[in-house]
1. Tabulate in residue order the Karplus-calculated ³J(HN,Hα) for region 99-115, using 6.51 cos²θ - 1.76 cosθ + 1.60 with θ = phi - 60°, rounded to whole Hz; enter x for Gly and Pro.
2. What nm distance separates the two modelled labels at residue 97 and residue 137, each placed 7 Å from Cα along Cα→Cβ?
3. What does the C-alpha gyration tensor say about the overall shape of the chain? Classify as rounded when a/c is under 1.5, otherwise prolate if a/b is larger than b/c, or oblate.
4. Given labels modelled 7 Å from the Cα in the Cβ direction, how far is it in nm from residue 22 to residue 60?
5. Probe radius 1.4 Å, ligands and nucleic acids ignored: give me the carbon and sulfur share of the accessible area of the chain as a rounded percent.
6. Please report, in debye to the nearest 20, how large the charge dipole of the chain is about its Cα centre when each Lys and Arg carries +1 at its beta carbon and each Asp and Glu carries -1 there.
7. I need the calculated FRET efficiency for the pair residue 75 and residue 177, taking r as the beta carbon distance and R₀ as 22 Å, to the nearest 0.05.
8. Roll a 1.4 Å probe over the protein chains and send me the accessible area per residue for the chain in Å².
Amino acid sequence: VSEKIDSNNCIITGDFDAESAKALAANIKSGQLPFSLEQVEVRTVSATLGDEALKNAVTAGIIGLILVMLFMLLVYRLLGLMADIALVGYVGIVLVIISNLHVNLTLPGIAGIILSIGMAVDANVVIFERIKEELKLGKTVRSAVDAGFNRALSAVIDSNVTTIISAVILWLLGTGTIKGFGITLLIGIVVSMLSAIFVTKFLLKQMIGMNVKQLWLYGINGTKQEVGSLKGGKA
């Protein structure tokens, strides 16, 4: 077609047979739009569903964090208080890393962060139970903390390393929201493991300086009179 088509007739030039000429003519004719579009109304709809779901996920995460902190405080008392302080620091570090790396927070990504919070507490639970066992044997707080960490360290590292491997696989091989879940889980697990090993231990070392001898405050079950206190020397 060598000229503008502004009428019902046009000339097709080229090497055509009857069938190919009819086919091209039919294609040209099918492209005609004998009507115009008239704008009647324009509406803009925001992502209300996703926005509401994101708010609910953040709220659920905050509620979960508060409940976990209360659980640690009620069950492990003074040890739980140290864990709660470390947990607040952990959340802050994770948010700073995610912000600096410009990680997009999707709902699965938030789920990865919440899951890693549980993993961080799990490491503290393993360590605290070992410390309580050492205290029940009559050791001082200082020796119980050192022995408890040494006994629990391998279990904490093994459990976190296996989760890190899974998170790396999700991050590298996953797509879409699965990749977001993998990267936030990976960041959270690495930070939680370092927090449990170094930050919690540092806080417990500071707690030793308080010289608290009442075993009930270390989460050993029973009344204050039943469990007694550490005897002799510094805690």
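The values are calculated or read from the model by the stated rules, or taken from the named source; none is laboratory data. Values in this document were obtained by computation on a predicted structure and should not be read as measured data. A quick note on method: Cβ atoms are made from the backbone with ideal geometry, for glycine too, and the neighbour counts reach across all protein chains shown. All accessible areas refer to the heavy atoms of the entire protein, side chains included, with ligands and DNA or RNA removed. Shrake-Rupley method; radii C 1.70, N 1.55, O 1.52, S 1.80 Å.
1. 5, 5, 7, 6, 7, 6, 8, 9, 4, x, x, 5, 4, x, 5, 5, 5
2. Result: 3.3 nm between the two label points.
3. Here the chain falls in the prolate category.
4. 6.3
5. Numbers: 9240 of 14530 Å².
Ligands and nucleic acids excluded, carbon and sulfur reach 64 percent.
6. So the dipole magnitude of the chain works out to roughly 1980 debye.
7. Working: r = 34 Å, r/R0 = 1.56.
That gives a FRET efficiency of 0.05.
8. Dividing the accessible area of the chain by its residue count gives 62 Å².
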